[in-house]
Amino acid sequence: MTQAEMRNVGCRSAAWFTAGIPVFAEVNAGANLVLALAGAYLAERLAGDTGQRATTAVGQMLAAFAPRAMAWDMGSLLGDRAFALARAILASLELVADLPADTMPSMRPGTASLSPEVPVDAILRADETTLTAVVQEIEVASAYGQQPVRLEAGTEDALLAVTLERLRWYDLELGCRLLRAVAYLGGAAGMDQGLDFLVRQQRGDGAFGFVAIDLGPGVPPGDPRVQRDYHLPVTLMSLWTIAELTLDGFHLMGLLGSGRA
């Protein structure tokens with residue numbers, strides 16, 4: 001992926017996040033804006049935009065909405081460190097938001113190994129629930145790519161095979177997590193296939209994903225719920241994966257340890 005391609009992907013997505021602020025703020029505003037904040041930050045890292053105009057716009061809206069938020073239905077996209085990550089990004093913008101308390105301590109780099117170790121043949125046969133659990137273990141054990149993980153030889157290749165299969169099924173959210181997990185284990189030959197596929201899923205408006213969720217009969221494709229419930233999480237996960245696979249030494253969760261965004 002060339003620098004020009006990275007900038008193009010980032011610029012288009014940054015514009016999409018900025019334009020989508022009113023939609024994200026309509027329902028479950030606090031949680032949606034936390035996701036949009038991380039997405040805009042990633043987009044502008046890819047774009048090389050040090051002005052952080054999109055990130056600032058989302059951050060200002062999040063700071064305004066946070067005191068009025070009644071619930072924070074974050075889902076699992078950013079794990080249990082979503083608020084710590086949001087605080088780190090906001091701090092870099094000299095903004096403060098009244099966010100809920102964190103549920104997990106900050107990660108500290110070191111050395112880790114999965115316990116129990118995950119057999120390669122089990123990965124190849126795993127269903128979605130098992131794969132999600134495996135990915136979560138790798139994310140936690142590696143501190144999202146910041147520390148080494150010892151696993152059975154061939155685990156990376158098995159995970160990549162499953163990753164490409166999931167992407168072919170258009171399970172972009174799990175496919176992105178799997179692709180990052182492969183990178184956290186040191187990478188595997190053929191990862192570029194997954195990255196190239198992911199980049200091609202960017203729409204003309206800057207969002208990612210061409211298949212919308214089924215919202216039931218009578219819901220038009222342009223319904224705001226499609227943008228919030230499908231494109232927002234898929235775009236965040238796609239940008240997170242593209243950034244970590246293309247920006248040298250970049251780890252999104254590394255912001256928690258460095259204190260810098």
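The values are calculated or read from the model by the stated rules, or taken from the named source; none is laboratory data. Since this is a predicted model, take the numbers as computed values, not measurements. As a convention, Cβ positions derive from the backbone with ideal geometry for all residues, glycine included, and neighbour counts pool all protein chains shown.
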Exercise. THR155: out of contact with any strand residue (DSSP E or B) (no Cβ under 7 Å at 6 or more places or on another chain), within 17 Å of ALA126 (Cβ to Cβ) and of a type in the set (S, T, N, Q), yes or no?
Worked result: yes
Problem set entry | Matching option when the condition is under 16 Å from the mean Cα position of the chain (by Cα), over 24 Å from VAL226 (Cβ atoms) and not hydrophobic (A, V, I, L, M, F, W, C), among ARG53, ARG68, ARG45 | ARG45
Exercise. Given the conditions (1) surrounded by fewer than 18 Cβ atoms within 10 Å (Cβ to Cβ); (2) in contact (Cβ under 8 Å) with a residue 40 or more places away in the chain; (3) over 27 Å from GLY10 (Cβ atoms), and given that ASP205 satisfies all but one, which numbered condition is not satisfied?
Worked result: (3)
For this session: For the range 5-17, state whether one or more residues are in contact with a helix residue (DSSP H, G or I) (Cβ under 6 Å, 6 or more places away or on another chain), over 23 Å from LEU247 (Cα atoms) and at pLDDT below 95.
Result: no
Exercise. List the pairs whose first member sits in the range 48-64 and is under 23 Å from PHE250 (Cα atoms), whose second member is aliphatic (A, V, I, L, M) and not in a helix (DSSP H, G or I), and whose Cβ atoms are under 6 Å apart, counting only residues at least 6 apart or on separate chains?
Worked result: THR56/LEU93; GLY59/LEU93; GLY59/LEU95
Exercise. Which condition breaks for PHE210 when tested against (1) surrounded by fewer than 17 Cβ atoms within 10 Å (Cβ to Cβ); (2) modelled with pLDDT of 95 or more; (3) not in a helix (DSSP H, G or I)?
Worked result: (2)
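Looking at this structure, is ALA88 at pLDDT 80 or above, under 17 Å from ASN28 (Cβ atoms), within 19 Å of the chain's Cα centre (by Cα) and buried (at least 19 other Cβ atoms within 10 Å of the Cβ)?
no
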